[in-house]
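Working notes for the structure below.
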Amino acid sequence: MKEILKANLNNARNAEHYQFHSDVLSIVTAEVATAQKIDSLRSDYVALFDKENTAFIQNRAYESTKEIEAKDRERDDLFLYIKQTIDSNLYCPVANKKAAAEKLAFAMKPYRSANSKAFAENTAQVTNLVLDFQSEAYAGYVELLGLKEAVAQLQTANEAFNAVYMGRSGAKLVRASRETMKSILPKVDAAYRTLASAINALYQVNSLITRSTATETELGGVIDGVNALIVQLHQTLALRGAGNAADVNTDDNVSPDGGDTPSGGDSGGRGSGGSDDPESDME
């Protein structure tokens, strides 16, 4: 008898898990759920999937490490250029440039290792350095050594870095206050299994008792559509050695191993919800 097969969601990466449930909801539409009187089950599923959607977006937004590192390198390069220019001018044969370098080297002394500090301390030290170099006491010396533009660029780079860095801190706060992918995926899977079990039960009752052609057509189409998604998911998992490809007979839906298949469950693995693959979950 036709039924929704097991879906091996245990080994799915976050993106695969997200796409599977998104596609299921596009097949089990609100109209179908209302007609079959399972709209409350679908609503519960949708509510949990919405939380997965939020967590999934937050995970992607959190991938800012590379951008932070790039901004930090840009800032450090400018800082080192200014420092090295001052250091080289300490040996300048032009007396006023040598004197300017000595003044700026003195002013820079508290910040000479700013580029090797942790991000926040680096930002603070560069901010103070720029303020000193743009002050009336040192601005003339900076201009004499041709560093006015470099100092302005350093200020811009430091502010750009801090904007990205603070953005990541905000993302951390949001992530800490909301359900993470690891916590929400099992709940989404459970809601999906409940809905799948209901659809299977309704189809069975109709086949044995009610015998409505319209119901058979509607639910049969839903079951075939969801099973096609399961086959596609299992093939994806099989390609990377994370599961076996499903073989679905859409006429009577014999399970992939040839036996009866419990409806809507998860096979094997570590419990429902997401992969432990490092690529799939960035907590």
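Under 9 Å by Cβ, and 6 or more places apart or on different chains, what pairs join a residue from segment 152-173 that is at pLDDT 95 or above and part of a helix (DSSP H, G or I) with one that is charged (D, E, K, R) and exposed (fewer than 15 other Cβ atoms within 10 Å of the Cβ)?
Ala157/Asp77
Table: residues versus (1) more than 30 Å from Gly167 (Cα to Cα); (2) buried (at least 20 other Cβ atoms within 10 Å of the Cβ); (3) free of Cβ contacts under 8 Å to residues at least 12 places away in the same chain; (4) not aliphatic (A, V, I, L, M).
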{"position": "Phe79", "(1), (2), (3), (4)": "no, yes, no, yes"}
{"position": "Thr85", "(1), (2), (3), (4)": "yes, no, no, yes"}
{"position": "Val126", "(1), (2), (3), (4)": "no, yes, no, no"}
{"position": "Val142", "(1), (2), (3), (4)": "yes, yes, no, no"}
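Please verify whether segment 211-220 includes one or more residues that are at pLDDT 50 or above, among the small types (Gly, Ala, Ser) and farther than 22 Å from Asp39 by Cα.
No, the conditions are met nowhere in segment 211-220.
Give me the residue from segment 11-56 that is among the polar types (S, T, N, Q), part of a helix (DSSP H, G or I) and over 22 Å from Thr180 (Cβ atoms) and, out of that set, farthest from the chain's Cα centre (by Cα).
Thr34
Taking the condition at pLDDT below 95 and either within 15 Å of Phe20 (Cα to Cα) or over 30 Å from the mean Cα position of the chain (by Cα) (or both), does Asp257 pass?
Yes, satisfied.
Consider segment 3-15. How many of its residues are touching a Gly at 6+ places or on another chain (Cβ under 6 Å) and either surrounded by fewer than 21 Cβ atoms within 10 Å (Cβ to Cβ) or at positive phi (or both)?
Residues that pass the stated criteria total 0.
With respect to Tyr138, determine if the residue is modelled with pLDDT of 95 or more, exposed (fewer than 14 other Cβ atoms within 10 Å of the Cβ) and not acidic (Asp, Glu).
Answer is no for this residue.
Of the residues Leu41, Leu104, which is farther than 30 Å from Asn206 by Cα and either crowded, with 19+ Cβ neighbours inside 10 Å or not aromatic (Phe, Trp, Tyr) (or both)?
Exactly one residue qualifies, and that residue is Leu104.
Take the residues in segment 16-37 that are within 18 Å of Ile4 (Cα to Cα), free of Cβ contacts under 8 Å to residues at least 12 places away in the same chain and among the hydroxyl-bearing types (Ser, Thr, Tyr), then tell me which one is surrounded by the most Cβ atoms within 10 Å (Cβ to Cβ).
Residue satisfying both the conditions and the ranking: Thr29.
Residue-by-condition table, conditions (1) assigned to a loop (DSSP other than H, G, I, E, B); (2) closer than 16 Å to Ala150 by Cβ; (3) in contact with a Lys or Arg (Cβ under 7 Å, 6 or more places away or on another chain):
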{"residue": "Lys71", "(1), (2), (3)": "no, no, no"}
{"residue": "Thr85", "(1), (2), (3)": "no, yes, no"}
{"residue": "Ala99", "(1), (2), (3)": "no, no, no"}
{"residue": "Ala107", "(1), (2), (3)": "no, yes, no"}
{"residue": "Ala120", "(1), (2), (3)": "no, no, no"}
{"residue": "Val126", "(1), (2), (3)": "no, yes, yes"}
{"residue": "Ala137", "(1), (2), (3)": "yes, no, no"}
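For segment 184-199: of the residues being surrounded by fewer than 24 Cβ atoms within 10 Å (Cβ to Cβ) and among the hydroxyl-bearing types (Ser, Thr, Tyr), which is nearest to Glu216 (Cα to Cα)?
Top of the filtered list is Ser197.
Do you know which of the residues in segment 109-118 that are in a helix (DSSP H, G or I) and of a type in the set (Gly, Ala, Ser) is surrounded by the most Cβ atoms within 10 Å (Cβ to Cβ)?
Ala114
Is one or more of the residues making up segment 38-49 over 25 Å from Arg193 (Cα atoms) and in contact (Cβ under 8 Å) with a residue 40 or more places away in the chain?
The answer is no, given that none of the residues of segment 38-49 is over 25 Å from Arg193 (Cα atoms) and in contact (Cβ under 8 Å) with a residue 40 or more places away in the chain.
The values are calculated or read from the model by the stated rules, or taken from the named source; none is laboratory data. These numbers were taken from a predicted model, which means no experiment stands behind them. Methodologically, a virtual Cβ is constructed for each residue, glycine included, from the backbone with ideal geometry; neighbour enumeration extends over all protein chains shown.
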